[in-house]
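Trainee: Below is a structure I'd like to ask you about.
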Amino acid sequence: MRDSLIFYVNGMRQEVRGESVFRTLSDFLRKELGLTGTKVVCAEGDCGSCTVLLGRFQQGRWNYDGVDCCIQYLFQIDGMHVITVEALSEDGVLHPIQQAMVEHFGSQCGYCTPGFVMALTALLEQQIPFNREHVELGLTGNLCRCTGYQQIFEAAFSLDQKSLPKVSERYRNKEMEKELEEVILSPAVVQASSFSQPGDEKSVYLPTTVSEAALYRAEHPQARIVSGGTDVSVQVNKGKSDFKKIISLSHLKELDFLENNDATLSFGAGVNWTELERYCKSNLPEFHKILKVFGSPQIRNAGTIGGNIANASPIADSLPFLLVTDAVLELTNSTGTRHVEIKDFFKGYKKMDLMPGEMIRSISLKLPEKNDIFRLYKVSKRKDLDISSFTAGMLLSLNQNRMTKVRLAMGGVAPVALRLKKTEDWLNGKDFSLDIMKQAGRKAVQEISPISDVRASKDYRLRLAENIFEKLYYESNPQPTAYSA
Ligand SMILES: Cc1cc2nc3c(=O)[nH]c(=O)nc-3n(C[C@H](O)[C@H](O)[C@H](O)COP(=O)(O)OP(=O)(O)OC[C@H]3O[C@@H](n4cnc5c(N)ncnc54)[C@H](O)[C@@H]3O)c2cc1C
Ligand code: FES
Ligand code: FES
């Protein structure tokens, strides 16, 4: 069993043991390696100034994504190659992306600049065109307080992408590739012994199969699962949680699959939002609409669907979709596997139907049918990079204007995201008319119990829950009647 983490930074091998495995990558880069080009501002994944490229070598090819390294802990990057802003210039000559930022006045105080440069470099690595749509989306995770975004966009638009050198090409190295391929196939336990009090050892375990993970969790049921870390690491950085015993899922290939068989979609709990977004773009545009504004590219490259469900937030953006598509969770521990419908999974605020040592292995759901009316809604204070105040999912079939198979879900209106069973039952068999939908809205508010918090007031949430039915009606009817009345 390996007892150290192995990864590379700008082509240089790093081997880490002991308490350092619990450092953030940003801290390690800046304080251990002196790579201070990577900046830290918010330390919670919100500003992008700490963006680096994270490379995974799989099946003979590299894939580089931009991530916020302030919420990536070192144990999460075992077996990967990190590229920082220092790697961009060569022999004192700036990379064309950096040069364009200079020429187009894309920087004033400069604190956010390395993050913007790295976010653009991530687009280049992914061969995503530098046009307005993609650059705006690609930079949603990066905040600048003084320059203004127009100059940064102009810097990007000025570049002839085809002529730009990919930074990752400079680091093609057979020895590194061979070693990293082996690392992700070899389980590791790393002890942070110098931190430890007897009985309170800190350690991280990196299994490579689900059965290894299940056996470990049987012995250490209190071990905290970390998948993409975009929820857990923020809690740790804010001092609201601590890492003691960790089990990191980053090497579990079994959790990283997506299969579409006829009307069923199944995927592993470790599938990240970028992978789902790619699939949904052409196959599930309604869910894609939600994923496009889920966090930022840096968050979507790290965060997983399993983490979103198991974080058990009532405003998690995946839940209305999973609830209306009757998703079933496959849960596993060392004693076996069972299946639980997602509508029964949440038992109360942050309480789930998870037995000791159990983890979410996969999710499967029934895809909406071609002629179904299917809508997902996310209401937040701002469009991009914001947590929802209210979410909803609505799915129904129409048979000669009669509603059947009505499925309604809402988030942000109760301690858990929930199906509105009474309103569903009332709607089934009724005509799809404006009057009926308005009545349904009034019934729905009796099934929910929203509270006021920093994101929205109770009254606002009640109003949203009621009016969303009318919205669904207008959006699904080519000729709205109310406006002509
Ligand atoms: C800046 C920012 C923006 C965000 N924007 C959004 C947004 O727009 N919408 C939204 O819904 N969320 C958002 N989030 C929250 C977060 O990104 C998502 O909830 C994400 O899907 C969490 O996945 P993860 O893999 O990072 O989870 P982790 O942080 O690794 O884990 C979250 C929880 O799930 C548990 N867990 C993880 N995997 C499993 C498993 N397989 N089985 C059992 N338990 C497991 C962990 O123990 C932990 O308790 C945002 C977060 C940040 C920092
Ligand atoms: S420092 Fe703000 S995202 Fe990392
Ligand atoms: S240049 Fe100052 S924050 Fe962007």
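Trainee: Please go through the stretch 131-165 and give me each residue that is of a type outside the set (V, I, T), under 26 Å from the mean Cα position of the chain (by Cα) and farther than 19 Å from N301 by Cα, ordered by number.
Mentor: N131, R132, C144, R145, Y149, F153, A156
Results for (1) among the aromatic types (F, W, Y); (2) crowded, with 17+ Cβ neighbours inside 10 Å; (3) on the phi > 0 side of the Ramachandran plot, shown as yes or no for each residue.
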{"position": "K347", "(1), (2), (3)": "no, no, no"}
{"position": "L365", "(1), (2), (3)": "no, yes, no"}
{"position": "K378", "(1), (2), (3)": "no, yes, no"}
{"position": "L385", "(1), (2), (3)": "no, yes, yes"}
{"position": "S388", "(1), (2), (3)": "no, yes, no"}
{"position": "A392", "(1), (2), (3)": "no, yes, no"}
{"position": "L408", "(1), (2), (3)": "no, yes, no"}
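Trainee: What tally of residues in the stretch 172-181 results from selecting those that are surrounded by 12 or more Cβ atoms within 10 Å (Cβ to Cβ) and in a helix (DSSP H, G or I)?
Mentor: Residues meeting the conditions: 5.
Trainee: Whether any residue in the stretch 46-53 is more than 13 Å from ligand 2 (Cβ to nearest atom) and either under 22 Å from L5 (Cβ atoms) or aliphatic (A, V, I, L, M) (or both) is what I want to check.
Mentor: Taking every residue of the stretch 46-53 in turn, at least one turns out to be more than 13 Å from ligand 2 (Cβ to nearest atom) and either under 22 Å from L5 (Cβ atoms) or aliphatic (A, V, I, L, M) (or both).
Trainee: Only one of G239, G228 is part of a loop (DSSP other than H, G, I, E, B) and without any contact (Cβ under 8 Å) to a residue 12 or more places away in the chain. Can you tell me which?
Mentor: None of the others qualify; the one that does is G239.
Trainee: Moving on to the next point. Restricting attention to the stretch 437-461, report how many residues are closer than 18 Å to A417 by Cα and in contact (Cβ under 8 Å) with a residue 24 or more places away in the chain.
Mentor: Selection size over the stretch 437-461: 11.
Trainee: Right, next: Please go through the stretch 10-56 and pick out each residue that is of a type outside the set (S, T, N, Q), modelled with pLDDT of 95 or more and either assigned by TED's automatic domain parsing to the domain that holds Y216 or closer than 15 Å to V183 by Cα (or both).
Mentor: If the condition is that a residue be of a type outside the set (S, T, N, Q), modelled with pLDDT of 95 or more and either assigned by TED's automatic domain parsing to the domain that holds Y216 or closer than 15 Å to V183 by Cα (or both), then R13, E15, V16, G55, R56 are the ones that fit.
Trainee: Follow-up. Have a look at G110, G11, G79, G55 and point out the one that is in contact with a strand residue (DSSP E or B) (Cβ under 7 Å, 6 or more places away or on another chain), among the small types (G, A, S) and on the phi > 0 side of the Ramachandran plot.
Mentor: Residue meeting the stated conditions: G79.
Trainee: Now, a different point. Which of the residues that make up the stretch 424-480 are touching a Leu at 6+ places or on another chain (Cβ under 6 Å) and of a type in the set (S, T, Y)?
Mentor: Y473
Here is a yes/no grid of residues against (1) away from ligand 1 (no atom under 14 Å from the Cβ); (2) closer than 24 Å to A218 by Cβ:
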{"site": "G295", "(1), (2)": "no, no"}
{"site": "G306", "(1), (2)": "no, yes"}
{"site": "N311", "(1), (2)": "no, yes"}
{"site": "L323", "(1), (2)": "no, no"}
{"site": "T337", "(1), (2)": "no, yes"}
{"site": "E341", "(1), (2)": "yes, no"}
{"site": "G348", "(1), (2)": "yes, no"}
{"site": "M355", "(1), (2)": "no, yes"}
{"site": "M359", "(1), (2)": "no, yes"}
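Trainee: Residues in the stretch 1-14: is at least one away from ligand 3 (no atom under 16 Å from the Cβ) and without any contact (Cβ under 8 Å) to a residue 60 or more places away in the chain?
Mentor: Kept after step one, since they are away from ligand 3 (no atom under 16 Å from the Cβ), are these residues of the stretch 1-14: 1-14.
Retained after the next criterion (residues that are without any contact (Cβ under 8 Å) to a residue 60 or more places away in the chain): 12, 14.
Yes, there is a match, as at least one residue in the stretch 1-14 is away from ligand 3 (no atom under 16 Å from the Cβ) and without any contact (Cβ under 8 Å) to a residue 60 or more places away in the chain.
Trainee: Okay, next question. Taking L398 and the conditions (1) in a strand (DSSP E or B); (2) surrounded by 18 or more Cβ atoms within 10 Å (Cβ to Cβ), which numbered condition does it fall short on, given that it satisfies the others?
Mentor: L398 satisfies all of (1) in a strand (DSSP E or B); (2) surrounded by 18 or more Cβ atoms within 10 Å (Cβ to Cβ) except (2).
Trainee: I've got another one for you. Answer yes or no as to whether F287 is among the aromatic types (F, W, Y), within 10 Å of ligand 1 (Cβ to nearest atom), crowded, with 17+ Cβ neighbours inside 10 Å and at pLDDT 95 or above.
Mentor: Judged against the criteria, F287 is not a match.
Trainee: Restricting to the stretch 44-54, give me the number of residues that are more than 16 Å from ligand 3 (Cβ to nearest atom) and surrounded by fewer than 23 Cβ atoms within 10 Å (Cβ to Cβ).
Mentor: Result for the stretch 44-54: 1.
Trainee: Out of the stretch 329-356, which residues are β-branched (V, I, T) and either within 20 Å of the chain's Cα centre (by Cα) or under 22 Å from H288 (Cβ atoms) (or both)?
Mentor: If the condition is that a residue be β-branched (V, I, T) and either within 20 Å of the chain's Cα centre (by Cα) or under 22 Å from H288 (Cβ atoms) (or both), then I342 is the only one that fits.
Trainee: Right, R217: assigned to a loop (DSSP other than H, G, I, E, B) and either touching a strand residue (DSSP E or B) at 6+ places or on another chain (Cβ under 8 Å) or surrounded by fewer than 18 Cβ atoms within 10 Å (Cβ to Cβ) (or both) or not? Spell out how you get there, then give the answer.
Mentor: Numbers: assigned to a loop (DSSP other than H, G, I, E, B): no; either touching a strand residue (DSSP E or B) at 6+ places or on another chain (Cβ under 8 Å) or surrounded by fewer than 18 Cβ atoms within 10 Å (Cβ to Cβ) (or both): yes.
Considered against the rule, which asks whether it is assigned to a loop (DSSP other than H, G, I, E, B) and either touching a strand residue (DSSP E or B) at 6+ places or on another chain (Cβ under 8 Å) or surrounded by fewer than 18 Cβ atoms within 10 Å (Cβ to Cβ) (or both), R217 comes out as no.
Trainee: Can you find a residue in the stretch 262-277 that is modelled with pLDDT under 95 and closer than 18 Å to L365 by Cα?
Mentor: Yes; the residues of the stretch 262-277 include at least one that is modelled with pLDDT under 95 and closer than 18 Å to L365 by Cα.
Trainee: So, of the residues in the stretch 81-119 that are within 16 Å of ligand 2 (Cβ to nearest atom) and free of Cβ contacts under 8 Å to residues at least 40 places away in the same chain, which turns out to be surrounded by the most Cβ atoms within 10 Å (Cβ to Cβ)?
Mentor: V117
Trainee: So, V21, is that one among the β-branched types (V, I, T), farther than 24 Å from T147 by Cβ and not in a strand (DSSP E or B) or not?
Mentor: The answer is yes for V21.
The values are calculated or read from the model by the stated rules, or taken from the named source; none is laboratory data. Computed from a predicted structure; not experimentally measured. Don't worry about glycine lacking a Cβ; one is built from the backbone with ideal geometry, like all the others, and counts go over all protein chains shown.
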